[in-house]
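The values are calculated or read from the model by the stated rules, or taken from the named source; none is laboratory data. Source: prediction; values computed, not measured. Here the Cβ is made from the backbone with ideal geometry for all residues, glycine too, and neighbour counts use every protein chain on show.
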Amino acid sequence: MTVDAFLKWDDGTDTRYELVDGQVMAIPMRWAAQALLVTKLVTAIHARASPGFVVYTGCGVRLADDASNFRIPDISVAEGRQRDHWLNEPRLTCEVLMAPTATFDLDRKLAYDRSIPSVVISLILRADARRATVWRRSGDCWNVLDCTVKSALVLPHLEDSLPLDELYEPLEW
């Protein structure tokens, strides 16, 4: 299936889907810890976003020249309000992982997010452990920073650092 056909397609249910290499794939429902962490992160990023930057959850991203992929990061940040079915030039993408989908998200979704030229940060948070990984673009390379819960994330397009304790405080394992 192509992206154009995918965006017109409707299976008649409330199921959310991504297009992965031309194949339609259902997006699993979030676990409670995952949903809470996404909510906390959206709230925290929104409160710190530099003027002109907007936080989106569940909105698609795509490459203009890729007709077979339409992915939906858990959270994205883009400059200005977007009007299409997808974000044009997202600057930051974030995936909140749980064990059942972690392998796919770390392998294929992370690689796809990093292939988008406008993305400068790809953030991975674990909902089943107190851990964050920041992938930061530096020219043609990516630097990886593995953070503990006592860390504070310094992210572009945010006016203040983001303490991980603020995100993970309400979660219990």
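Return the total of residues in region 102-127 being surrounded by fewer than 17 Cβ atoms within 10 Å (Cβ to Cβ) and not aliphatic (A, V, I, L, M).
Just the residues of region 102-127 that are surrounded by fewer than 17 Cβ atoms within 10 Å (Cβ to Cβ), to begin with: 102-104, 106-108, 111, 114-115, 117-118.
Of the ones still in play, those that are also not aliphatic (A, V, I, L, M) are 103-104, 107-108, 114-115, 117-118.
Qualifying residue count, region 102-127: 8.
So which residues in region 11-45 are in contact (Cβ under 8 Å) with a residue 40 or more places away in the chain and aliphatic (A, V, I, L, M), if there are any at all?
19, 20, 27, 33, 36, 37, 38, 41, 44, 45, listed by residue number.
Condition test on residue 151, is it crowded, with 16+ Cβ neighbours inside 10 Å, of a type outside the set (Asp, Glu) and within 17 Å of residue 52 (Cα to Cα)?
Working: crowded, with 16+ Cβ neighbours inside 10 Å: yes; of a type outside the set (Asp, Glu): yes; within 17 Å of residue 52 (Cα to Cα): no.
In short, no.
Taking the residues in region 17-55 that are of a type in the set (Gly, Ala, Ser) and at positive phi as candidates, determine which candidate is surrounded by the fewest Cβ atoms within 10 Å (Cβ to Cβ). Walk me through how you get there before you give the answer.
Taking region 17-55 and keeping what is of a type in the set (Gly, Ala, Ser), we get 22, 26, 32-33, 35, 44, 47, 49-50, 52.
This time we only want the ones that are at positive phi, so: 22, 52.
Numbers: 22: 13, 52: 10.
The residue in question is 52.
How many residues does region 29-60 contain that are under 25 Å from residue 149 (Cβ atoms) and out of contact with any His (no Cβ under 7 Å at 6 or more places or on another chain)?
20
Which ones in region 128-164 are of a type in the set (Val, Ile, Thr), part of a loop (DSSP other than H, G, I, E, B) and under 25 Å from residue 79 (Cβ atoms)? Full working, then the answer.
The initial filter retains those residues of region 128-164 that are of a type in the set (Val, Ile, Thr), namely 133-134, 144, 148-149, 154.
Going one step further and asking which of them are part of a loop (DSSP other than H, G, I, E, B), we end up with 149, 154.
The answer is 154, and nothing else.
Determine which member of the set 62, 48 is in contact (Cβ under 8 Å) with a residue 12 or more places away in the chain and in contact with a helix residue (DSSP H, G or I) (Cβ under 8 Å, 6 or more places away or on another chain).
Details: 48 fails: in contact with a helix residue (DSSP H, G or I) (Cβ under 8 Å, 6 or more places away or on another chain).
Answer to the check: 62.
Tell me yes or no: at least one residue of region 154-161 is out of contact with any Gly (no Cβ under 9 Å at 6 or more places or on another chain), within 26 Å of residue 26 (Cβ to Cβ) and surrounded by 16 or more Cβ atoms within 10 Å (Cβ to Cβ).
no
From the set of residues in region 1-58 that are touching a Leu at 6+ places or on another chain (Cβ under 7 Å) and among the small types (Gly, Ala, Ser), which is nearest to residue 165 (Cα to Cα)?
The first filter runs over region 1-58 and keeps only residues touching a Leu at 6+ places or on another chain (Cβ under 7 Å), leaving 1, 3, 6, 33, 36-37, 40-41, 44-45, 48-50, 56.
Narrowing the set further to residues that are among the small types (Gly, Ala, Ser) leaves 33, 44, 49-50.
On the way: 33: 15, 44: 11, 49: 19, 50: 21 Å.
Step by step, filter region 1-58, then rank; the result is 44.
Within region 123-143, is even one residue aromatic (Phe, Trp, Tyr) and over 18 Å from residue 20 (Cα atoms)? Before the answer, list the steps.
The first filter runs over region 123-143 and keeps only residues aromatic (Phe, Trp, Tyr), leaving 135, 142.
Okay, now just the ones that are also over 18 Å from residue 20 (Cα atoms), so 135, 142.
There is at least one residue in region 123-143 that is aromatic (Phe, Trp, Tyr) and over 18 Å from residue 20 (Cα atoms).
Consider region 86-116. How many of its residues are more than 19 Å from residue 45 (Cα to Cα) and either touching a residue at least 40 places away in the same chain (Cβ under 8 Å) or in contact with a Pro (Cβ under 9 Å, 6 or more places away or on another chain) (or both)?
Counting residues in region 86-116 that are more than 19 Å from residue 45 (Cα to Cα) and either touching a residue at least 40 places away in the same chain (Cβ under 8 Å) or in contact with a Pro (Cβ under 9 Å, 6 or more places away or on another chain) (or both) gives 8.
One residue is enough: does region 113-129 have a residue meeting the conditions touching a Leu at 6+ places or on another chain (Cβ under 7 Å) and at pLDDT below 90?
Yes: region 113-129 contains one or more residues that are touching a Leu at 6+ places or on another chain (Cβ under 7 Å) and at pLDDT below 90.
As an exercise: evaluate residue 73 against (1) touching a residue at least 40 places away in the same chain (Cβ under 8 Å); (2) of a type outside the set (A, V, I, L, M); (3) surrounded by fewer than 19 Cβ atoms within 10 Å (Cβ to Cβ) and give the number of the one condition it does not meet.
(3)
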